[in-house]
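The values are calculated or read from the model by the stated rules, or taken from the named source; none is laboratory data. Bear in mind that the values here come from a model prediction, so they are computed numbers and not experimental data. Here the Cβ is made from the backbone with ideal geometry for all residues, glycine too, and neighbour counts use every protein chain on show. Accessible surface is based on the protein model in full, side chains and every heavy atom, while ligands, DNA and RNA are left aside. Shrake-Rupley method; radii C 1.70, N 1.55, O 1.52, S 1.80 Å.
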Amino acid sequence: MNLVQKLPIGLSLACLMFMSSCSKEDALTPEPQTEIVNAHSSLKEGAAALVITLPYFPSTKGSTGLDVYPTDWERDTHPYYSNNSQELPTGTSNLSCLWGNPMLPWKKGLPTIASGASIVNFGSIVTTTSYRKNVSNGKNSAAKTKITNLKPGKKYEISFYVASTICSVNQNAFTPLYANTIYVDLSNVKDPISHGIDVEGKEATWVKKTVIFDAISTEMSISFSAFVPQNGGYSYAHMFVNKNAIKQLN
């Protein structure tokens, strides 16, 4: 007589149920777990899935404020630009106010941007400043970001908007003026270049710029600044970058 037969009826049934359960569990084959990761730069599905990496041009959407910047943006500290953050501040503004401060409204507010049949919904723009004391003494501040996840040897197209405004509340002893040229510099690309965008006579008006470049590395830098048209003048310049503002052409 086996062990089960020798045990009381209740205990024998429990033993048989336990042995049956163990047999079924031993027969199950473990299934691989599926991992899903979603970020601005990649998408991975499954243990051995293909990683898809998209080029990333940081948008200017973020909190407003003096010396406050959208994610992955910052003040450009290159020696070519002024590092005096009090004299020539930078930060993030909105369409109606300097640094998003209602006490510092623009003399003429910036318009929303039409994109096809819809309106681009954004509330923040990166702001830089510049002044000109005389012909030989002009200074400006700049802001920059990095475009990442590029493929060396590939061609890309980026789109952005620039504009200039005047604050209704004078911030210094200079005369508030609209900038006449906004410069956008691309570096760490096949043909580094400074794009001068004419904004003269386009007061508080967005000017769209599209640039095509050849990548030589996985990332490149882009910065912008402006110059004042007259001696004794002081200007504010802005850049707006929407999401999906970059695409690969080949």
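Listed by chain and number, the lysines placed with their C-alpha closer than 20 angstrom to that of K243 are K61, K144, K146, K151, K155, K208, K209; residues fewer than eight positions away on the same chain are left out.
Taken per residue, the accessible surface of the range 63-153 reaches 51 Å², heavy atoms only and a 1.4 Å probe.
Can you give the FRET efficiency to the nearest 0.05 for H78 and I52, using r as the Cβ-Cβ distance and R₀ = 35 Å? Using R0 = 35 Å, I get an efficiency of 0.55. Net length available on complete extension from K202 to T112 is 30.9 nm, with 0.36 nm assigned per residue and the Cα-Cα distance removed. Simple spin-label estimate for V211 and K155 gives 1.8 nm between the two label positions (7 Å along the Cα-to-Cβ direction from each Cα). With the simple spin-label model, which puts each label point 7 Å out from Cα in the Cβ direction, the M103 to S221 separation comes to 3.5 nm. If you sort T64, T127 by accessible surface, 1.4 Å probe, largest first, the order is T64, T127.
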